[in-house]
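Chemist: A single structure is presented below for examination.
Just so you know, all these numbers are worked out from the coordinates, no wet-lab data involved. Note that the structure is a prediction, hence the values are computed from the model and not measured. Here Cβ is always computed from backbone atoms with ideal geometry, including for glycine, and neighbour counts include all displayed protein chains.
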Amino acid sequence: MSNNTYNAIGFNESDEMFKSSVESMLDCFAIFTALRDEYGKIIDFILEYANDAACAYKRVVREEMVGKRLLDVLPYQTECSLFDEYCKVIEAGEPMIKQCLSYEGCSGYERLSKAVDVRAVKMKDGFVMTWRDITERIRVEKALQESEEKFRGAFENASIGMAITGFDGRWLKVNRSLCEMMGYSENELLQLTFQEMTYPDDLELNLDYFQQAIKGEIGYYHMEKRFIHKQGHVIWTVLSASLVRDSKSEPLYFTTQIQDITRIKQANEALEFDKLKTDFFANLSHELRTPASIILSTLQLVEYYSNHNILQSDIINKYTDVMKQNCYRLVKLINNLIDATKIDAGFYELSLQNCNIVSVVENITLSVAEYINSKGIQLLFDTNVEEKVMACDPDKMERIILNLLSNAVKFTKRDGKIKVSIHEENENITIKVKDNGIGIKKENFKIIFERFRQVDKSLARNSEGSGIGLSLVKSLVEMHGGTIQVKSKYGLGSEFIIKLPCKTLDINNNNSAYEQNSNNIEDYIERINIELSDIYFENPK
Ligand code: ADP
């Protein structure tokens, strides 16, 4: 700063502190005095002083700046109408703080050419001005704002569900499509976690992926999963989630995309069910035709022997057994079909009575023990309770146990072992039928209880079956208020576990009806023959 300048603006020459601080400022600093016309009106400002930063900003040496007019030094300021503002600073004495933005390019395609933060404070008949070039900062801010707007637009208007999810599973931000898909308003959804809305069977796998992503073992995951709509129905979705981390790699949140595939699933299921039904009817025709053909050919043999007078009693017995056996198979199949249809139509009813469930299960097990042993399979029975009277339909219980036993025999080789057990546990009766046969793969646990399903027809072919048995067993157990589940290690064996609630009927009719039924031993044997007819089967030569 020259001595002249100091004198002109009245600074004390010895004010070293002011000098050094102004010179070392990063911001541009200048002092202007007003230039007035003969009437006292300000017509421009004369630059009295500019610091190094201001000279660098203008890319000139100080001597080229000092003494020049404002409109020559900083012409773009006129565009921002700062000239009038400076006049006001001097006339009114009020400081001015302003952001001055100027653009280039034509309308609609303007581009920011300069952005300056300007401050001015009155000093004598002039002002002190500081300014800072903020063009780059404003450009970055604008770009950021534009990209945020684009993201927000894409997020809000996306046709698939989109969300930002916290580590506790809470929805932090959700878009319109997701709200519509789930049936909740945005506010309702933001109060919920994805865990609360996930179909229970799909939660474990989802949480597993979630944890793996948080631990950094995977960056993102895709899965098919089910959500529960606000109205209670299931929505099938394809979900993709990826974890967003901060600059220090700390996890921030998940971004999630969810696509509703319920319609596709339903269409596929309908197709699959159609195919299943076609296969079932093809199988059913075979199941009906085989015993009928066997009966017919056996009858033809009997007729032949009779016509040639060589019909002996042992031949008659042998062929009667074969025909009877195949009649049982037909009856079982038809019974199962009728029952399945009745259950579907809601006409199937239990005939509940209070009876000793332990003896029902034990008797039916013992009654087939000899036959099972004759197949080279050991049959064991175990219980921790001698008597438990509860409401059940003994005929249906018999069918349940015989069905499970018939399957156990079908899928267990010679020298195998089958165990039936009945235990009382916390007001529940648990019945287990366990074998050490071929076992069932985990992925088939659910489908074996579905109508018309046989896991592996080639394995089932050495004995017969229609794929109705377990679905019927499941329906009968559920009609008793119970549940059935399967545990199995493929190749090592299977265990079917039935849990029944121990309830009794209020009426005083205990188990007399059941005893009566059991007393009719021929009926009883007939029922067993029918239920086990699949595995009694032998091909006549
Ligand atoms: P099916 O009358 O054809 O046996 P089910 O409904 O009783 O039909 O059984 C369905 C399928 O479940 C069977 O075809 C078989 O694949 C499987 N399964 C049932 N019980 C057992 C078992 N104890 N061991 C192995 N597989 C079994």
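Chemist: What is the set of long-range amide H partners of ASN175 at a cut-off below 5 Å, with H atoms built 1.01 Å from backbone N?
Modeler: MET162
Chemist: Give the aspartates and glutamates whose C-alpha is closer than 13 Å to that of LYS230, dropping any in the same chain fewer than 8 places away, or say none.
Modeler: GLU180, GLU186, GLU188, GLU196
Chemist: On a 0 to 90 degree scale, rounded to 10, what angle separates helix 200-214 from the longest Cα axis of the chain?
Modeler: With both axes taken from Cα atoms, the answer is about 40 degrees.
Chemist: Could you list, bin by bin from short to long, the percent of Cα-Cα pairs of the range 76-139 in 5 Å steps?
Modeler: 4, 18, 25, 21, 14, 9, 6, 3, 0
Chemist: Sticking with this one: Could you work out the Rg to Rh ratio of the range 44-172, with Rh taken as the Kirkwood radius (inverse of the mean 1/r over all Cα pairs)?
Modeler: Details: Rg = 21.6 Å, Rh = 18.0 Å.
Using Cα coordinates only, the ratio equals 1.20.
Chemist: Give a quick list of GluC sites (Glu not before Pro) in the range 147-233 that DSSP marks as loop, anything other than H, G, I, E or B, with at most 16 other Cβ atoms within 10 Å. Provide the component values of the computation, followed by the final result.
Modeler: On the way: sites: GLU148, GLU149, GLU156, GLU180, GLU186, GLU188, GLU196, GLU204, GLU217, GLU224; in loops: GLU217.
Those that pass, being in a loop and sparsely packed, are GLU217.
Chemist: Stretch SER185-ARG119 to full length: gain in nm at 0.36 nm per residue minus the Cα-Cα span?
Modeler: Extra length available between SER185 and ARG119 comes to 19.0 nm.
Chemist: Can you compute 3J(HN,Hα) from phi for each residue in the range 221-234, using the Karplus curve 6.51 cos²θ - 1.76 cosθ + 1.60 with θ = phi - 60°, rounded to whole Hz and x for Gly and Pro?
Modeler: Running phi through 6.51 cos²θ - 1.76 cosθ + 1.60 with θ = phi - 60° gives 8, 10, 7, 8, 8, 10, 10, 9, 5, 3, 7, x, 8, 8 Hz.
Chemist: Do you know the relative contact order of the range 341-496, to the nearest whole percent, from alpha carbon pairs under 8 angstrom that are 6+ apart? Intermediate values should be presented prior to the final figure.
Modeler: Values: 249 pairs, mean separation 34.4, N = 156.
Here the relative contact order equals 22 percent.
Chemist: Quick one: what do you get for the range 167-219 if you divide its Cα Rg by 2.2 N^0.38 Å? Don't skip to the end; give the middle numbers.
Modeler: Working: Rg = 12.3 Å, N = 53, 2.2 N^0.38 = 9.9 Å.
The value comes to 1.24.
Chemist: Excluding residues fewer than 8 places away in the same chain, name every one of the lysines whose C-alpha is closer than 17 Å to that of LYS98.
Modeler: Reachable lysines: LYS88, LYS114, LYS122.
Chemist: Looking at the range 325-412, which GluC sites (Glu not before Pro) are in a loop (DSSP not H, G, I, E or B) and have at most 13 other Cβ atoms within 10 Å?
Modeler: Values: sites: GLU349, GLU362, GLU370, GLU386, GLU387, GLU398; in loops: GLU349, GLU386, GLU387.
Here the GluC sites (Glu not before Pro) that fit, given the DSSP loop and packing criteria, are GLU349, GLU386, GLU387.
Chemist: At 0.36 nm per residue, and after removing the present C-alpha to C-alpha distance, how many nm does the segment from GLU204 to SER147 gain when stretched out fully? Can you show the working numbers first?
Modeler: Details: separation 57, 0.36 × 57 = 20.52 nm, distance 3.64 nm.
Using 0.36 nm per residue and subtracting the Cα-Cα distance, I get 16.9 nm.
Chemist: For the range 126-158, list residues with backbone N below 16 Å from a point placed 7 Å from the Cα of ALA56 toward its Cβ?
Modeler: It comes to 131-136, nothing else.
Chemist: Kindly list the residues of the range 202-228 that lie in the label zone of ARG245, defined by a backbone N under 14 Å from the point 7 Å along the Cα-to-C-beta vector.
Modeler: Within reach of a label on ARG245: 212-220.
Chemist: If you stretched the chain out fully between SER81 and ASP168, how much longer would it get, using 0.36 nm times the residue separation minus the C-alpha to C-alpha distance?
Modeler: Details: separation 87, 0.36 × 87 = 31.32 nm, distance 5.36 nm.
Residue separation times 0.36 nm, minus the Cα-Cα distance, leaves 26.0 nm.
Chemist: In the structure displayed, which of LYS275/LYS474; LYS215/LYS487; LYS225/LYS396; LYS277/LYS441; LYS432/LYS474 lie more than 25 Å apart, Cα to Cα? Intermediate results must be reported in sequence, preceding the final value.
Modeler: Numbers: LYS275/LYS474 23 Å; LYS215/LYS487 32 Å; LYS225/LYS396 37 Å; LYS277/LYS441 23 Å; LYS432/LYS474 14 Å.
Violating the 25 Å Cα-Cα cut-off are LYS215/LYS487; LYS225/LYS396.
Chemist: List the residues, sorted by chain then number, that are 5 or more residues from PHE381 or on another chain and whose placed amide H is less than 5 Å from its amide H.
Modeler: Under 5 Å from the amide H of PHE381: VAL420.
Chemist: Okay, moving on. Please report the antiparallel percentage of the DSSP beta bridges confined to the chain, to the nearest 5. Numbers along the way, then the final one.
Modeler: Working: 86 of 92 bridges.
Taking every DSSP beta bridge with both residues in the chain, the antiparallel ones total about 95 percent.
Chemist: Between rounded, prolate and oblate, where does the range 317-396 land on the alpha carbon gyration tensor, with a ≥ b ≥ c its root eigenvalues, rounded for a/c under 1.5, else prolate if a/b exceeds b/c? All intermediate terms of the calculation are to be shown ahead of the outcome.
Modeler: Details: a/c = 2.84, a/b = 1.09, b/c = 2.62.
Oblate, since a/c reaches 1.5 and b/c is not below a/b.
Chemist: Please give the direction-averaged projected area of the C-alpha convex hull for the chain, in square nanometres with one decimal.
Modeler: Values: hull surface 181.5 nm².
Computing the convex hull of the Cα atoms and averaging its projections yields 45.4 nm².
Chemist: How tilted is helix 313-345 with respect to the longest principal axis of the chain? Cα atoms for both, answer in degrees (0 to 90, nearest 10).
Modeler: Relative to the chain, helix 313-345 is tipped by roughly 30 degrees.
Chemist: Hey, what angle do you get for helix 82-92 against the long axis of the chain, alpha-carbon based, 0 to 90 degrees rounded to 10?
Modeler: 60
Chemist: Counting other Cβ atoms within 10 Å, which chymotrypsin sites (Phe, Trp or Tyr not before Pro) in the range 50-127 have at most 11 and lie in a DSSP loop? Don't skip to the end; give the middle numbers.
Modeler: Values: sites: TYR57, TYR76, PHE83, TYR86, TYR103, TYR109, PHE127; in loops: TYR109.
Here the sparse-neighbourhood loop sites are TYR109.
Chemist: Quickly estimate the mean residue ellipticity at 222 nm for the chain, helices only: each DSSP H run with n ≥ 4 gives -39500 (n - 2.57), and the total goes over all residues, rounded to 500. Don't skip to the answer; put the middle values down first.
Modeler: Numbers: 22 runs with 250 residues, N = 541.
It lands at -14000 deg cm²/dmol.
Chemist: Take GLU522 and LEU101, extend 7 Å from each Cα along the Cα→Cβ direction, and tell me the distance between the two endpoints in nm.
Modeler: Result: 10.2 nm between the two label points.
Chemist: In addition: Tell me the label-point distance for the pair GLN300, GLU387, using the 7 Å Cα-to-Cβ offset, in nm and rounded to one decimal.
Modeler: According to this spin-label approximation, the distance is 5.7 nm.
Chemist: Compare the peptides 89-99, 418-428, 266-276 by average per-residue count of other Cβ atoms within 10 angstrom and give them in order, highest first. Walk me through the numbers on the way to the answer.
Modeler: Working: 89-99: 13.6, 418-428: 16.4, 266-276: 11.5.
Packing order, densest peptide first, comes out as 418-428, 89-99, 266-276.
Chemist: Apply the Karplus parameterisation 6.51 cos²θ - 1.76 cosθ + 1.60, with θ equal to phi minus 60°, to every residue of the range 375-389 and state each ³J(HN,Hα) to the nearest whole Hz, in sequence, with x for glycine and proline.
Modeler: Here the 3J(HN,Hα) series is 8, x, 10, 7, 10, 10, 10, 9, 8, 10, 9, 6, 9, 9, 8 Hz.
Chemist: Pull up all non-local amide H partners of ILE218: gap of 5 or more, or a different chain, and H-to-H distance under 5 Å with H placed in the peptide plane.
Modeler: Those lying under 5 Å, H to H, from ILE218 are ALA213.
Chemist: Next question, about the same structure. To make sure I understand the rule: partners must be aspartates and glutamates, Cα under 14 Å from the Cα of LYS142, and not fewer than 8 residues away in the same chain. Which ones qualify?
Modeler: Excluding near neighbours in sequence, the set is GLU110.
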